[in-house]
Amino acid sequence: MTAREYHDRTTHSPASVRTSGHTLEWDIKPFPFKVYTDLPAIPLPRELDPLGIDTLAALAAPASAAASLGLSQLAAVLYYAAGVTKKKTYPGGGEVLFRAAASTGALYQTEVYVAVGEVAGLEPGLYHFCPGDFALRGLRKRDVRAALAAAAADESLARRPATIVLTAIYWRNTWKYQARAYRHLFWDSGTMLANVLAIGDGLGLAPRVLTGFVDVEINGLLGLDPAREVALELVALGPEAAAAPAGGSLDSIDHATLPLSSSEVDYPLVREMHAASSLATTAAVAAWREGAWRDTTPPPRANLIALPPPRERAGRGLGETIQRRGSTREFGHAPLTAEELSTTLWAASRSIDADAPGGLVDLYLIVNAIEDVPSGAYFYRPDAHALETLATGEFRNRSAYLCLEQPLGGDAAAVIYWLARLDALTRAFGERGYRLANLEAGLAGGRAYLSAYAQGFGASGLTFYDGHVVEFFSPHAAGKHAIFVTALGRSGVGGRANIQSTLIASRRPSA
Ligand SMILES: Cc1cc2nc3c(=O)[nH]c(=O)nc-3n(C[C@H](O)[C@H](O)[C@H](O)COP(=O)(O)O)c2cc1C
C-alpha cells in the first residue's frame, strides 16, 4: 500500500458518492468516550484559567516562558483542546456532546494521553484523559518519559515536564466514513493540535510537536491494540529540567475498557495505510527527520493582490473563542473584510515548532464575498502575504459543487482549499509524508477556526470531490492532490453580533 494508492482509492467523486451504498447503522454507532472500567478516576480541577490572552496574540507569538507546569495548567490544556464545551439535544432524543475542537461528523475519534514527569499536583506516570467526566486515569504509575524519549528518538522529551500523546480510534470514524477515515484522523487531530499549540503558547509552555517516532513502541507504551487505535502525534509541554532517569523496560499493559459498540467493522485499507507509513526503529526515525523538502512553487504569473497586514488583536480571549467555537451550519452572503481574511490566512499558515518542516500544503481560495478582493479563484503566497489571481468570476455554485454539493461551500464568503504535491512529499518523507500533509492542513484549518471565531465570524471544515477540486484550480494545480477544505463567512441568520446563539439555534447534524 502506498499513500498514492490509498488516496486514489478513497477519493470522492459524484459517482463514488452515489454508488457507495453505505448506510449508517445506528445500533452500532460507537460510544464517543474511551472508558477504562477498572481504573479509578482522578478528577481534574474544574476552576479553569479563563485564558484571557487575546486569541490573535496567542496565535501570533508565544507568551513568555513559564517557570514550571502545574496541574491547573495541564487541566486548561486538556479542557480547551479536547473538553466537552456544549451539549445539544436533537428532536427524537439524540444528544451530542460537542468538544473544544472541530471533528468530522462529531465522532471524536481523537483520544488524549499524558506522560507526566514533573507536574506539581500530579504523581509521575502515564494517564488517559476522559473528557466525559473530565478526569485522568493512571495507566502506568511511574515516570515513562525516558522510554517515550527513546521511542521518539528525541532526548528532550525526558527533560520536559509532560508530553501529550494524541491517538485515534479507527472505528469511531470508519463507522460513518469507512476507509476515507484515515485522512480524517489527521484533519481532526490537526484541529485539536491547533488548540493545544495556541493554549500552550498562550501559557508559555513552549509546545513542540513530534510526528516521527517508532510507532510500535509508542503504541505499546500506551497499551493500545494497534489494530484499533494508534498514536498519531506527540506534543512536549513545559520548561526543560533535569532528565528523567532511564527506568528500565516497561511491562505490557492491557487495562479493560468499555466496548465502543456491540460489533465493529474492520477497514483493512486504514490499517494498511498506517502500517505503510510507520517507522520501525529509532535509526529510521532519525533518518526520516532528515527528509529534504524543497518548495518548487513557480514565480507568480499574474500581478499579486497585496493583503492588508493581519490584525494583531481581536479583543476576544482565547478561552472565550474556544468556548464559542462551533462549525457554522449556514452562511449568509454578507462579505468579510480583506483584513479579516488576511488575518485568517496568515494565522492558518504560520509555522510551528515541530520535527518536520511546514509549508507542505498549498493554499488555494475561492473568493465569493471579500471587500476589495474581486470574486474569483486565487493562490495564496505566504512569503508575500498576497493573492495570485488564477481566474476572476462568480464561483459560488462551483464551490458548493466542489464541496461535495454542500451549500456551505457556496454560501461562504471565502473557501480555502489545501492541495499538496503528494508524489514529491512521499519522495521526501516516504509514505509518512501523507500523514504530514493531512495533519498540516487540519492544523491550518483548526487555526482558521480560531482566527474566525476570535474575529466574530464563522468557519466550517468541509469535505470535497477530490479530482474536481484539482481540475478547477488547474493548470496552476496540475499534478497536485486535494487535501482539505475550510469555509469562512458570516453566519446566515444573525451575523456578527449574535454569533453563538445563532450557531446553537441553527445547528443540525452534519452532512
Ligand atoms: C476535518 C473536518 C471536516 C468537516 N467536514 C464537514 C462537512 O463536509 N460538512 C459539514 O457540514 N461539516 C463538516 N465539518 C464540521 C463537523 O461536522 C463539526 O466539526 C462537528 O459536527 C462538530 O461540531 P462543532 O465543530 O460545531 O463543534 C467538518 C469538520 C472538520 C474538523
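Listing for the model above:
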read-out	value
Matching strands (runs of 3 or more DSSP E) fully within the range 31-101 where at least 1 residues are within 16 Å of the ligand (Cβ to nearest atom) and under 30 Å from Glu340 (Cα atoms)	84-89, 95-99
Criterion (open to solvent by 10 Å² or more (accessible area, probe 1.4 Å) and within 15 Å of the ligand (Cβ to nearest atom)) met by exactly one of Arg447, Arg421	Arg447
Qualifying residue in the range 304-315 (condition: in a loop (DSSP other than H, G, I, E, B), open to solvent by less than 40 Å² (accessible area, probe 1.4 Å) and within 16 Å of the ligand (Cβ to nearest atom))	no
Residue list for the range 340-362, filter: open to solvent by 10 Å² or more (accessible area, probe 1.4 Å) and among the hydrophobic types (A, V, I, L, M, F, W, C)	Trp346, Ile352, Ala354, Ala356, Val361
Which listed residue is of a type in the set (D, E, K, R) and in contact with a Lys or Arg (Cβ under 6 Å, 6 or more places away or on another chain), from Glu240, Glu155, Glu217	Glu240
Single residue of Leu185, Leu193, Leu222, Leu250 found to be among the hydrophobic types (A, V, I, L, M, F, W, C) and open to solvent by 40 Å² or more (accessible area, probe 1.4 Å)	Leu250
Which numbered condition Tyr108 misses (of (1) modelled with pLDDT under 95; (2) of a type in the set (Ser, Thr, Tyr); (3) open to solvent by less than 40 Å² (accessible area, probe 1.4 Å))	(1)
Positions within the range 102-142 being more than 16 Å from the ligand (Cβ to nearest atom) and either among the hydroxyl-bearing types (Ser, Thr, Tyr) or assigned to a helix (DSSP H, G or I) (or both), in sequence order	Tyr113, Tyr127
Tally of residues being under 19 Å from Ala101 (Cβ atoms) and either at pLDDT below 95 or part of a helix (DSSP H, G or I) (or both) across the range 183-217	20
Every residue from the range 54-73 that is touching a strand residue (DSSP E or B) at 6+ places or on another chain (Cβ under 6 Å) and in contact (Cβ under 8 Å) with a residue 60 or more places away in the chain	Leu69
Test: Gly202 is touching a residue at least 40 places away in the same chain (Cβ under 8 Å) and within 24 Å of Glu155 (Cα to Cα)	no
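The values are calculated or read from the model by the stated rules, or taken from the named source; none is laboratory data. Just so we're clear, the structure is a prediction, and the values are computed from it rather than from any experiment. Quick reminder, even Gly has a Cβ in these numbers, built from the backbone with ideal geometry, and neighbours come from all protein chains shown. These accessible areas exclude ligands, DNA and RNA; they are computed on the full protein's heavy atoms, side chains included. Shrake-Rupley method; radii C 1.70, N 1.55, O 1.52, S 1.80 Å.
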